[in-house]
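Just so it is clear, none of the values below were taken in a lab; they were calculated from the coordinates. It should be emphasised that the depicted structure is a prediction, and the values quoted were computed from it without experimental measurement. For neighbour counting, all protein chains shown are included, and Cβ atoms are generated from backbone atoms with ideal geometry for every residue, glycine included.
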Amino acid sequence: MDFFSHVTAGWVLSERLQLTRKEKKFLIIGSIFPDVDIFIGLLLYLFVDHDLGRNFHREIMHTPFFGLIFGIILVLAIKNANKKQIFLCGFIGVVLHCLLDQIVSFSFKYPKLLYPLSNATLELNQIGMWPLIIVNLLTYLVVWISAFKLYKATSKTPINIFRKEV
Ligand SMILES: [Zn+2]
C-alpha cells in the first residue's frame, strides 16, 4: 500500500479508538514506520551489499514482532506518557501497516506475519488476479471513504494531529 493510504488508515483507526492527541501521533507513526526499511535497504544497497539492500524491504520491519520492538523503543524514548498506551499505539500502528501490506501488495512480497515463529507468508496472489484486484480496490475504498466521512464530521485531517497546538 502507498504512503498516503497508510497514514490515512492509521489516522482513521486512531480517531475511531478515541485516543489522545499524543497517542494518535504514535499510532500514525507506527502505521508508516515499517516502510523506513525502503531507505535502510537503499543505504545497504549503496554501501554494503546489493542483494541485502534489494531484499531488505518487507522483511523484519514488516512483522508484528517488529511492532513489539517499535513499541518498546517508544516506551524507552517517550517521557511523560502512559507507557502501556504508547506501547500499544506503536504496536497497533505497525500491525495495521503489516495487515494492509498483506491485503494490498503490488510487489507480491508479503509480510511474514508469524515471524520469528515462522517465515511463512500468506500468498494472496494465489486467489487469482481479478479477486485480488477487487480485494485491493475494496480495501482502498474502505480506507478513503472512512477518512472522507471522518473529515466531513470533524473537518480534521492527519495533519491536524501533527500541527503545533496554538
Ligand atoms: Zn510497507
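Put simply, the C-alpha atoms of segment 73-166 give a gyration tensor, and the ellipsoid matching it has half-axes of 30, 23, 8 Å, longest first.
Cross-link list 84/109; 83/152; 109/149; 109/164; 79/164: which exceed 28 angstrom alpha carbon to alpha carbon? All intermediate terms of the calculation are to be shown ahead of the outcome.
On the way: 84/109 32 Å; 83/152 32 Å; 109/149 32 Å; 109/164 37 Å; 79/164 18 Å.
Table pairs above 28 Å Cα-Cα are 84/109; 83/152; 109/149; 109/164.
Would you compute, from DSSP H runs of 4+ residues alone, the mean residue ellipticity of the chain at 222 nm, taking -39500 (n - 2.57) per run and dividing by the full residue count, rounded to the nearest 500? Mind showing how you got there, number by number?
On the way: 8 runs with 109 residues, N = 166.
Computed ellipticity for the chain at 222 nm equals -21000 deg cm²/dmol.
Taking the radius of gyration and the Kirkwood hydrodynamic radius from Cα positions alone, what is the Rg/Rh ratio for segment 6-84, to two decimal places? Don't jump to the answer; show the numbers that get you there.
Details: Rg = 14.8 Å, Rh = 13.9 Å.
Using Cα coordinates only, the ratio equals 1.07.
By the combined test of axial Cα extent (at least 24 Å) and Kyte-Doolittle hydropathy (mean at least -0.5), the qualifying DSSP H helices of the chain come to 83-103, 129-154.
Globularity index of the chain is 1.08 (Cα radius of gyration / 2.2 N^0.38 Å, N = number of residues).
Centre-to-centre separation between the Cα atoms of segment 102-166 and those of segment 26-72: 17 Å.
Scan segment 6-84 for trypsin sites (Lys or Arg not before Pro) in coil per DSSP, keeping those whose Cβ has at most 10 other Cβ atoms within 10 Å, and list them by number. If you can, show how the numbers build up before the last one.
Values: sites: 16, 21, 22, 24, 25, 54, 58, 79, 83, 84; in loops: 58, 79.
Answer by residue number: 79.
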